[in-house]
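Chemist: Pasting a structure below so you can have a look.
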Amino acid sequence: MPRASRLLALSTAALLTAGLAACSTPSSGSDGSAAAGGDTEFTPITIEHALGTTTIETKPERVATVNWANHEVPLALGIVPVGMAAANFGDDDGDGVLPWVDEKLEELGAETPVLFDETDGIDFEAVADTAPDVILAAYSGLTQEDYDTLSEIAPVVAYPETAWGTSWRDMIHLNSEGLGLAEEGDALIAELEQEIADSAAEYPQLEGTSAMFLTHVDTADLSEVSFYTTHDTRAAFFEDLGLSTPKSIADASATTENFSLTVSSEQADTFADVDLIVTYGGDDLVTTLEGDPLLSQVPAVANGSIVSLPGTSPLGTAANPTPLSISWVLDDYLELLAAAADKAK
């Protein structure tokens with residue numbers, strides 16, 4: 001279908017569904033509509049972001065989210081989305097919903113919203129079928145074309161600067177602003193900051209320990225090393241927890257907007273300032289790193305200061321901080337980091 005025709009079809013579907021929804025009685029949220037909707041004193045909001053400017057004229061009643069974790073903001077604020085992206089990483093029971101989201105839905109007494117299958121990209125038709133008033137995507141990898149297509153359905157809140165580079169704070173700030181709940185979003189940020197600070201204070205050995213996050217390592221080929229830059233939320237989360245960013249990672253990050261970089265293992269001495277490594281894998285990965293003649297020279301590897309997270313589990317997934325996962329994983333993650341930091345001393 002030509003793009004123009006596809007957009008027309010999407011808009012028509014959304015309008016028809018919205019018309020049907022308008023004929024029904026508004027819900028408190030358990031059916032997937034926004035519990036906080038209906039404010040007649042709502043002041044229109046304009047949000048500038050990397051892909052344009054979005055104006056939200058009326059308080060959203062029906063909230064859809066696309067891409068990773070954006071649904072956690074409305075849920076944390078007591079609003080059940082009409083549709084959200086299915087989890088495609090760390091979903092250990094295969095139901096498309098991560099455990100901290102399951103817990104929140106149960107707390108709210110809500111059914112699971114419509115789940116958008118994003119295996120092959122955004123399912124625009126499915127999003128349109130939920131007839132949203134706003135689409136939240138402050139943490140996402142939307143292309144300009146994705147954004148333009150979604151904007152034919154409803155106003156879209158996109159990322160502020162870099163694709164997949166939105167911090168958990170900015171995710172909350174922008175998405176809550178798009179809901180007309182900026183003050184509530186700020187309160188949620190402050191609450192999480194306090195929780196993180198209180199928990200991290202129990203592990204003083206993390207303070208000043210330098211850490212890098214390796215991306216998924218191919219144990220069959222260690223000729224290259226890939227790592228997350230400071231633009232990635234996993235690496236940025238280290239500083240929230242009291243860890244520091246090695247100069248080698250900071251310098252490399254300053255030359256790019258990419259969330260990850262790859263270098264030759266022959267440059268392993270670049271990471272001589274790395275005390276601790278976090279990565280995805282198992283014991284075999286640690287053994288492989290320790291046995292490599294080049295990578296074994298990195299202080300973190302030489303000292304065994306490695307946190308190897310199971311990449312397909314909720315624990316590994318939660319290393320990427322999101323509004324609901326932070327509380328769920330915080331104590332377990334800090335305990336693993338502290339054990340590795342003890343070996344670095």
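Any read-out appearing in this document is the output of simple, stated calculations on the displayed coordinates, not a laboratory observation. On a predicted model such as this, the values are computed, not experimentally measured, just so you know. Here the Cβ positions follow ideal geometry from the backbone for every residue, glycine too, while neighbour counts run over all protein chains shown.
Chemist: I need to check one value: relative contact order of the chain, counting alpha carbon pairs closer than 8 Å and at least 6 residues apart, in percent.
Modeler: Details: 654 pairs, mean separation 54.8, N = 345.
Relative contact order comes out at 16 percent.
Chemist: Then there is this: State, as an integer percentage, the relative contact order of region 54-151 based on alpha-carbon contacts under 8 Å between residues 6 or more apart.
Modeler: Taking the mean separation of contacting Cα pairs over the length of region 54-151, I get 38 percent.
Chemist: Which residues' amide hydrogens lie under 5 Å from the amide hydrogen of Val134, considering only partners 5 or more residues apart or on another chain, with H built in the peptide plane?
Modeler: Arg62, Ala64
Chemist: Another one. Taking 0.36 nm per residue of sequence separation and subtracting the Cα-Cα distance, how much length would be gained by fully extending the chain between Asp221 and Ala190, in nm to one decimal? Walk me through the numbers on the way to the answer.
Modeler: On the way: separation 31, 0.36 × 31 = 11.16 nm, distance 4.32 nm.
This chain segment gains 6.8 nm when fully extended.
Chemist: Which shape class applies to region 137-200: rounded if a/c is under 1.5, otherwise prolate when a/b exceeds b/c and oblate if not, where a ≥ b ≥ c are the square roots of the Cα gyration tensor eigenvalues? Walk me through the numbers on the way to the answer.
Modeler: On the way: a/c = 4.53, a/b = 1.90, b/c = 2.39.
Since a/c reaches 1.5 but b/c is at least a/b, the shape of region 137-200 is classed as oblate.
Chemist: Please state the shape class of region 72-193: rounded when a/c is under 1.5, otherwise prolate if a/b exceeds b/c and oblate if not, all from the C-alpha gyration tensor.
Modeler: Numbers: a/c = 1.42, a/b = 1.06, b/c = 1.34.
Rounded.
Chemist: Show the residues, 5+ positions off or on another chain, whose built amide H is closer than 5 Å to the amide H of Thr229.
Modeler: For Thr229, the qualifying residues are Ser260, Leu261.
Chemist: Report, in degrees rounded to the nearest 10, the 0 to 90 angle that the Cα long axis of helix 182-200 makes with the longest principal axis of the chain.
Modeler: Helix 182-200 and the main axis of the chain meet at about 20 degrees.
Chemist: Pull out a ≥ b ≥ c, the square roots of the eigenvalues of the alpha-carbon gyration tensor of region 201-345, then state rounded if a/c is under 1.5, prolate if not and a/b is larger than b/c, and oblate in the remaining case. Mind showing how you got there, number by number?
Modeler: Working: a/c = 1.38, a/b = 1.29, b/c = 1.06.
Rounded.
Chemist: Give me the distance between the Cα centres of region 184-213 and region 295-345, rounded to whole Å.
Modeler: 14
Chemist: Another question, then. Ignoring everything except DSSP H segments at least 4 long, calculate the 222 nm mean residue ellipticity for the chain; use -39,500 (n - 2.57) per segment, divide by total residues, nearest 500. Spell out each step's value before the answer.
Modeler: Working: 13 runs with 131 residues, N = 345.
The per-residue figure over the chain is -11000 deg cm²/dmol.
Chemist: Something else about it: Only Lys, Arg, Asp and Glu count, each charged at its Cβ (+1, +1, -1, -1), so figure out the dipole size of region 107-177 about its Cα centre, rounded to 20 debye.
Modeler: Working: 1 positive and 16 negative charges, 73 e Å.
Computed charge dipole of region 107-177: roughly 360 debye.
Chemist: Sticking with this one: State which stretch of the chain is the longest one without any exposed GluC sites (Glu not before Pro), exposure meaning a DSSP loop state and at most 12 other Cβ atoms within 10 Å.
Modeler: Values: sites that count: Glu41, Glu57, Glu111, Glu161, Glu202, Glu257.
That gives 258-345 as the longest site-free run.
Chemist: If you don't mind, there's one more thing I want to ask. Taking 25 °C and 0.890 mPa s as the conditions, I'd like the Stokes-Einstein D for the chain in µm²/s, using the Kirkwood hydrodynamic radius from alpha carbon pairs. Kindly include the intermediate steps, with their values, before the conclusion.
Modeler: Details: Rh = 21.2 Å.
Once the numbers are plugged in, D ends up at 116 µm²/s.
Chemist: Continuing with this model, one more query. Once the piece of chain linking Ala201 and Lys343 is laid out straight, how much longer is it, given 0.36 nm per residue of separation minus the C-alpha distance between them? Numbers along the way, then the final one.
Modeler: Values: separation 142, 0.36 × 142 = 51.12 nm, distance 1.88 nm.
Between Ala201 and Lys343, full extension yields an extra 49.2 nm.
Chemist: Could I ask something else about it? How high is the relative contact order of region 92-241, in percent, counting Cα pairs under 8 Å that sit 6 or more residues apart?
Modeler: On the way: 125 pairs, mean separation 22.6, N = 150.
Computed over region 92-241, the figure is 15 percent.
Chemist: Straight-line reach from Lys345: which lysines fall under 30 Å, measuring Cα to Cα and dropping same-chain residues less than 8 apart?
Modeler: Lys247
Chemist: How long are the three semi-axes of the equivalent ellipsoid of region 288-345, in whole Å, if each is the root of 5 times an eigenvalue of the C-alpha gyration tensor, listed from largest down?
Modeler: Values: eigenvalues 134, 35, 11 Å².
Output for region 288-345: semi-axes of 26, 13, 7 Å.
Chemist: With only Lys, Arg, Asp and Glu charged, each at its Cβ (+1 for the first two, -1 for the last two), find how big the charge dipole of the chain is about the Cα centre; round to the nearest 20 debye.
Modeler: Working: 10 positive and 59 negative charges, 117 e Å.
Computed about the Cα centre, the dipole is about 560 debye.
Chemist: So if each residue of separation counts as 0.36 nm, and I subtract the Cα-Cα distance between Asp283 and Ala302, what length gain in nm does that give? It would help to have the intermediate numbers written out before the result.
Modeler: Details: separation 19, 0.36 × 19 = 6.84 nm, distance 1.50 nm.
Length gained, Asp283 through Ala302: 5.3 nm.
Chemist: Hey, with R₀ at 30 Å, roughly what FRET efficiency would Glu41 and Gln144 work out to, going by the Cβ-Cβ distance, to 0.05? Kindly include the intermediate steps, with their values, before the conclusion.
Modeler: Numbers: r = 34 Å, r/R0 = 1.14.
FRET efficiency, Glu41 to Gln144: 0.30.
Chemist: Which one, Thr166, Met84, Thr53, projects farthest toward the positive side of the charge dipole computed for the chain from Cβ point charges (K/R +1, D/E -1)?
Modeler: Going by the charge dipole, the pick is Thr53.
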